[in-house]
1. Do we find a residue being under 14 Å from the mean Cα position of the chain (by Cα), touching a residue at least 24 places away in the same chain (Cβ under 8 Å) and either surrounded by 17 or more Cβ atoms within 10 Å (Cβ to Cβ) or closer than 30 Å to residue B:61 by Cβ (or both) anywhere in segment A:38-45?
2. Let me spell it out: the conditions are (1) modelled with pLDDT of 95 or more; (2) in a loop (DSSP other than H, G, I, E, B); (3) not polar (S, T, N, Q), and residue A:113 meets all of them except one. Which number is the exception?
3. Out of the residues in segment B:62-74 that are under 14 Å from residue B:11 (Cα atoms) and more than 8 Å from every other protein chain (Cβ to nearest Cβ), state the one that is surrounded by the fewest Cβ atoms within 10 Å (Cβ to Cβ).
4. Out of all the residues in segment A:11-18, is one or more assigned to a helix (DSSP H, G or I) and farther than 19 Å from residue A:127 by Cα?
5. Residue under question is residue B:58, and the condition is that it be more than 11 Å from chain A (Cβ to nearest Cβ) and of a type in the set (A, V, I, L, M, F, W, C); does it hold?
6. Being facing chain A (nearest Cβ under 10 Å) and touching a residue at least 40 places away in the same chain (Cβ under 8 Å) is the filter here, so list the residues in segment B:1-29 that pass it.
7. Would a scan of segment A:145-161 turn up a residue that is touching a Cys at 6+ places or on another chain (Cβ under 6 Å) and either within 14 Å of chain B (Cβ to nearest Cβ) or not acidic (Asp, Glu) (or both)?
Amino acid sequence: MKAAVIVFPGSNCDRDMQVALEAATGKPVPMVWHGDTELPSGLDLIALPGGFSYGDYLRCGAMSARAKIMPAVVEAANKGVAVLGVCNGFQVLTEAGLLPGALMRNAALKFVCRNVDLKVEDNASPFTSGYKAGQVINIPVAHHDGNYVADDTTLDQLEGDGLVAFRYVDNPNGSARNIAGIYSPNKRVLGMMPHPERMADPMLGGLDGKPMFDALVEAL
Amino acid sequence: MKARVHVMLKRAVLDPQGKAIEHALAGLGFDGVQQVRQGKVIDLELTDTDTDAAKARVTDMCEKLLANTVIESYDIEIED
């Protein structure tokens, strides 16, 4: 699997994502600058990392979603390249229109920074095939604006089409339907607020995120 | 030419920050505040000279960047 990580000004989880992907793929994972207009050729996976891109100015992920590299990312996604957006990356995906809905200020207004239990809704995607359907995994969250909102029609559609990837067991931010992560209709784009890349090394206190990266390597 | 854009959360969207402000006002002794919602003001200075053209361009800016129309609505004032 050939993967790359997009770096926006203010991204700060790009290195963690690169480390997790390199550990899984055994290959170098390039960082791609937001101001470039082209992606490396032959990519199987594009990662949009966490952080505070553009300082969260205007809206989280809003300006990143309009960065020069993004048309290439959207085109790649439309051609079937897998995209993983984590935290700020999820925000960028909703702002770019690759995923529906929006991420708003946490309902309790506090920045939430702790490990949370997530239910893996199903294992029928290149991201979750390493888990069992219904499995509960423990993954860190660290965000101020992780409250997933969408109108009822969109939420019903996500549920009906099986596009909810992860649900919070104990909702830390008020997200509708306890949604922690969602897929695009073809399940090749995943946006999630929790950080699987922070739970993929024994030194970090858990390995619940590692199956995602291993599954991607196997699938792609 | 100056344009002032107001961006607010749509009515149907929960605004916990507005709620927090509401409580803070009550805590300061301001009674009778039934609801608070907060938004953004964005001021633009434009080189356009035609009001209609300016309004059309600012509308485009709102649709494309200044507002997230999934959750926000906007209005525009053009001042010559």
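The values are calculated or read from the model by the stated rules, or taken from the named source; none is laboratory data. What you see is a predicted model, and the numbers here were worked out from it, not measured in a lab. So basically every Cβ, Gly included, is an ideal-geometry build from the backbone, and we count neighbours across all protein chains shown.
1. Of the residues in segment A:38-45, the ones under 14 Å from the mean Cα position of the chain (by Cα) are A:45.
Add one more test, that the residue is touching a residue at least 24 places away in the same chain (Cβ under 8 Å), and what stays is A:45.
Those left that are additionally either surrounded by 17 or more Cβ atoms within 10 Å (Cβ to Cβ) or closer than 30 Å to residue B:61 by Cβ (or both): A:45.
There is at least one residue in segment A:38-45 that is under 14 Å from the mean Cα position of the chain (by Cα), touching a residue at least 24 places away in the same chain (Cβ under 8 Å) and either surrounded by 17 or more Cβ atoms within 10 Å (Cβ to Cβ) or closer than 30 Å to residue B:61 by Cβ (or both).
2. Against the list (1) modelled with pLDDT of 95 or more; (2) in a loop (DSSP other than H, G, I, E, B); (3) not polar (S, T, N, Q), residue A:113 comes up short only on (2).
3. Per the stated criteria, the residue is B:69.
4. Pass one, segment A:11-18, residues assigned to a helix (DSSP H, G or I): A:14-18.
From the residues that got through so far, the ones that are farther than 19 Å from residue A:127 by Cα too are A:15.
Yes.
5. Details: more than 11 Å from chain A (Cβ to nearest Cβ): yes; of a type in the set (A, V, I, L, M, F, W, C): yes.
Yes: the conditions hold for residue B:58.
6. As a first pass, look at segment B:1-29 and keep what is facing chain A (nearest Cβ under 10 Å): B:7, B:9-10, B:12-17, B:19-20.
Those that are facing chain A (nearest Cβ under 10 Å) and touching a residue at least 40 places away in the same chain (Cβ under 8 Å): B:7, B:9, B:10, B:13.
7. Initial filter on segment A:145-161 (touching a Cys at 6+ places or on another chain (Cβ under 6 Å)): A:145.
Okay, now just the ones that are also either within 14 Å of chain B (Cβ to nearest Cβ) or not acidic (Asp, Glu) (or both), so A:145.
The answer is yes; a qualifying residue exists.
Residues are listed down the side, and each one gets a yes or a no for (1) surrounded by fewer than 21 Cβ atoms within 10 Å (Cβ to Cβ); (2) within 12 Å of chain B (Cβ to nearest Cβ); (3) of a type outside the set (S, T, N, Q); (4) out of contact with any Leu (no Cβ under 8 Å at 6 or more places or on another chain):
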site	(1), (2), (3), (4)
A:71	yes, no, yes, yes
A:75	yes, no, yes, yes
A:87	no, no, yes, yes
A:93	no, no, yes, no
